[in-house]
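Notes follow the structure.
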Amino acid sequence: MDPHEPIAQRSPLVAEFRTACLPVRERVCGLVEFAATAVKKRDQGLASAV
């Protein structure tokens, strides 16, 4: 099957390029710090962004 055909592009079995991301622990710590900042500043906009 040609990977450029429309059916192949929709298949979940075709590998997709994904960007690298931080480990889960670092992402969660970042969210916790972000949420704490929102609480300290009493900023509803920041709080809802978490």
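Computed from the coordinates by the stated procedures, all read-outs in this text should not be read as laboratory data. This structure is a prediction, so every number in the text was calculated from the model and none was measured. Quick reminder, even Gly has a Cβ in these numbers, built from the backbone with ideal geometry, and neighbours come from all protein chains shown.
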Using a 7 Å offset from the Cα along the Cα-to-Cβ direction at both Glu5 and Ala36, what is the distance between the two label points in nm, to one decimal? 5.4
Please give the contour-minus-distance gain from Val28 to Gln44: 0.36 nm per residue of separation, less the Cα-Cα distance, rounded to one decimal in nm. 3.8 nm
